[in-house]
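Report on the structure given below.
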Amino acid sequence: MDLTITDDGRLRVVAQGGDPVVLHPLWLRERLPDAGVLDPQTGQRLVDAADTPHDLRVTVAHTDGSITFSDGFATRLPSAWLAGAIAGEPAARPPVYWDGTLDPSAFPSADLSAVRDDPAALGALLAGLDAYGFAVVRGVGLDPDGGLALADLMGPIRITNWGGMADVKAIANAYDLTMTPRALEPHSDNPYRDPVPGYILLHCLINDADGGDSTLVDGFHAAQMLRETDPDAFATLATTDVTFRYRDATTFLQHDCPLIACNAAGDVVQVRYNNRTEMVGALPIDQLDRYYAARAAFWRLIAPASPLTLRFRLQPGELLMMDNYRLFHGRTGYTLASGSRHMRQCYMDRDTVGSRRRLLQSA
Ligand SMILES: [Fe+2]
């Protein structure tokens, strides 16, 4: 590893056979693996990075990794650490977009016994979930709380005002249209919460009525298509906050947010669609015109008849895990006279599942 200093005091590193990489002195300083900068036990920073002089320079650099800064701070960079520093963070894996032609043999899937016994199998399942936004777990059994056996492998479930594990089946006096036999249009769950539940674990106990197939739409794919075909509509949905609201006698949930949320780089990080609970505010007429046209364009991409809709049937003992930031889910209607449909579902937060995935991937 060859270390030299540029004219403006930056560190130039050349690995054998590699191109030169120039490191900013402040970037280098605030992440130094030195007990004077990072706590050796936690890896957390001990110094107030924002107080470091902005004109900091590297003044001495030797091939053995020894460096000195213009404020007199000196340390020695381990070669393995320096190799990692110039390699940079691994690029995030982009989502695998899919549509209604996705073959069931390509679904990320596993048996519960396999992921319970083998951390690598759980890691592979969660990697598939991350790539596709959903996964099917088989062999969960017919215990009403069987889904918790899978959840326990990842972490705590999200408890809401409705509790933890909840029934999804037709009941008298339903408090939500989910609890009726009617078809459910593609939607994301609970957009009126903050944060929105990250993952849905939907466990099938009975599914022998006529109808009641599951439908899924890759919302990130739909957003990408909207961006390509109608960039103005995409921009409108990404910049217009709408209100999602749920209210009953004991609960008043509300979240103001856009249907399409992007990060600072412009990548889509969350989509929401929930016809039952969305209301746009009293915006100026021309903004409403744009919003309604954009929402309709997005809806056409995710509507049940669209080519993006994936339709399949969950079998008893199977569990469908869905990314509620990315997917829209629904079902076809069913007739109670022909049989019954009973699912149980719970939520998990995004960081809980992401933590388990990252731990398994870095093991
Ligand atoms: Fe739902």
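The values are calculated or read from the model by the stated rules, or taken from the named source; none is laboratory data. Bear in mind the structure is a predicted one, so any value in this text is a computation, not a measurement. Note that we place each Cβ from the backbone using ideal geometry, even for glycine, and neighbour counts take in every protein chain shown.
Checking each residue in segment 193-238 for being among the aromatic types (Phe, Trp, Tyr) and either over 25 Å from Ser355 (Cα atoms) or in contact with a Ser or Thr (Cβ under 7 Å, 6 or more places away or on another chain) (or both) picks out only Phe234.
Of the residues making up segment 205-218, those that are within 14 Å of the ligand (Cβ to nearest atom) and either in a strand (DSSP E or B) or within 22 Å of Thr243 (Cα to Cα) (or both) are Ser214, Thr215, Leu216, Val217. Within segment 40-58, being touching a strand residue (DSSP E or B) at 6+ places or on another chain (Cβ under 8 Å) and either loosely packed, with under 14 Cβ neighbours inside 10 Å or not assigned by TED's automatic domain parsing to the domain that holds Gly72 (or both) holds for Gln44, Arg45, Leu46. Under the condition of being surrounded by fewer than 20 Cβ atoms within 10 Å (Cβ to Cβ) and among the hydrophobic types (A, V, I, L, M, F, W, C), which residue from segment 203-236 is nearest to Leu327 (Cα to Cα)? Checked segment 203-236; the qualifying residue nearest to Leu327 (Cα to Cα) is Ala235.
One residue stands out in segment 328-358 among those that are of a type in the set (A, V, I, L, M) and either more than 24 Å from Asn263 (Cα to Cα) or buried (at least 22 other Cβ atoms within 10 Å of the Cβ) (or both): the one that is nearest to the ligand (Cβ to nearest atom), namely Met343. Every test in (1) modelled with pLDDT of 95 or more; (2) crowded, with 18+ Cβ neighbours inside 10 Å; (3) away from the ligand (no atom under 13 Å from the Cβ); (4) not charged (D, E, K, R) is passed by Phe252 save one, and that test is (2). Tell me which residues, restricted to segment 167-178, are away from the ligand (no atom under 11 Å from the Cβ) and either not in a loop (DSSP other than H, G, I, E, B) or not hydroxyl-bearing (Ser, Thr, Tyr) (or both). Hits for segment 167-178 are Asp167, Lys169, Ala170, Ile171, Ala172, Asn173, Ala174. When Leu125 is tested against (1) in contact (Cβ under 8 Å) with a residue 60 or more places away in the chain; (2) in contact with a strand residue (DSSP E or B) (Cβ under 6 Å, 6 or more places away or on another chain), only condition (1) is not met. Screening segment 297-355 for residues that are more than 22 Å from the chain's Cα centre (by Cα) and of a type in the set (Phe, Trp, Tyr) and picking the one that is modelled with the highest pLDDT gives Phe312. All conditions but one from (1) more than 16 Å from the ligand (Cβ to nearest atom); (2) surrounded by 13 or more Cβ atoms within 10 Å (Cβ to Cβ) apply to Glu278; the one that does not is (1). When segment 34-70 is filtered for residues that are within 21 Å of Asp7 (Cα to Cα) and without any contact (Cβ under 8 Å) to a residue 12 or more places away in the chain, the ones remaining, listed by number, are Ser66, Thr68.
Across segment 214-223, not a single residue is classified as over 21 Å from Tyr132 (Cα atoms) and in the same structural domain as Asp143 (by TED's automatic domain parsing). Residues of segment 186-204 that are within 10 Å of the ligand (Cβ to nearest atom), over 11 Å from His342 (Cα atoms) and assigned to a strand (DSSP E or B): Pro186, His187, Ile200.
Quick check, is Gly155 in the same structural domain as Ala131 (by TED's automatic domain parsing), surrounded by fewer than 19 Cβ atoms within 10 Å (Cβ to Cβ), more than 13 Å from the ligand (Cβ to nearest atom) and under 17 Å from the mean Cα position of the chain (by Cα)? First the steps, then the outcome.
Numbers: in the same structural domain as Ala131 (by TED's automatic domain parsing): yes; surrounded by fewer than 19 Cβ atoms within 10 Å (Cβ to Cβ): yes; more than 13 Å from the ligand (Cβ to nearest atom): yes; under 17 Å from the mean Cα position of the chain (by Cα): yes.
Yes: the conditions hold for Gly155.
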